[in-house]
Amino acid sequence: MTKSSTKTRSKKIKTKQKKNKIIYFMNTSSRFNKRNFQKFEKFVREYCERHGKKIIIKPTKHLRANGVKYGGCCDGNSMQVASKNPLFENIFVHEFSHMTQAVEEIDLWYDYGDIWEPLAENRISIASWDEFMKVIALERDCERRALKFIRKFKLCSEEDYALKANTYLYYYQYVFLTKNWNQKKSIYGSPEVNALMPTKLLPMSTFKKIDMKIMEAFFKYLKK
Ligand SMILES: [Zn+2]
């Protein structure tokens with residue numbers, strides 16, 4: 001825990017719940033404008049420095065923890081991104097967006113769903129639904145922030161990013177049903193799933209109902 005987090009944590013009682021929670025993100029793929037991304041990266045570095053946050057770039061394709069494979073994570077004190085992941089830029093924007101949630105101390109950040117340990121310990125059940133909804137709510141807010149940065153810095157196609165963000169959020173429903181996070185394939189590689197996905201970030205209310213058409217498309221693509 002860094003000094004800065006101790007400082008922010010003392011402000012509100014609720015913040016104590018948020019210790020050491022890691023937000024996982026698989027990855028998405030979009031074509032990024034290199035020069036604009038460099039400007040964004042500079043902004044991120046300055047922001048993190050100003051708030052006493054760390055950026056850790058690891059020269060690997062994936063990060064791993066407790067049997068879970070992911071492209072980046074953010075615990076509110078540091079953000080980590082796997083730089084050899086072909087989707088590095090997307091993950092970087094996503095994890096930084098989580099960092100802004102932590103810095104702004106939004107309620108969603110502290111009300112994070114408990115799904116990772118139950119997933120690792122095979123304890124996901126119908127009773128886990130509310131926890132999945134909390135995770136989706138936090139991740140959706142993160143994607144909303146990411147899209148704002150993409151628009152502001154003209155990083156890549158907003159439609160492309162939003163399509164993948166929706167896919168990512170629906171994937172949590174799939175994980176709830178299948179009780180399994182890790183996949184051998186990228187969840188963004190199914191033409192059938194992509195065809196079903198809107199190119200505008202969907203409202204939270206949409207994710208409160210399982211979309212079986214999308215679940216079946218995920219299943220057809222990911223089952224092997
Ligand atoms: Zn995330």
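Values quoted throughout were computed directly from the atomic coordinates according to the rules given, and no laboratory measurement underlies them. Remember, predicted model here, so these are calculated numbers, not experimental data. Note that each Cβ is placed from the backbone with ideal geometry, even for glycine, and that neighbours are counted across all protein chains shown.
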Next item on the list: Check the range 198-212 and report whether any residue there is polar (S, T, N, Q), farther than 25 Å from Glu131 by Cβ and over 18 Å from the mean Cα position of the chain (by Cα).
Entry: no
Note to self: If I filter the range 29-45 for residues that are of a type outside the set (Ser, Thr, Tyr), under 21 Å from Tyr174 (Cα atoms) and surrounded by fewer than 20 Cβ atoms within 10 Å (Cβ to Cβ), do I get at least one hit?
What the structure shows: no
Notebook entry, point to check: How many residues does the range 144-159 contain that are buried (at least 17 other Cβ atoms within 10 Å of the Cβ) and among the acidic types (Asp, Glu)?
Noted result: 1
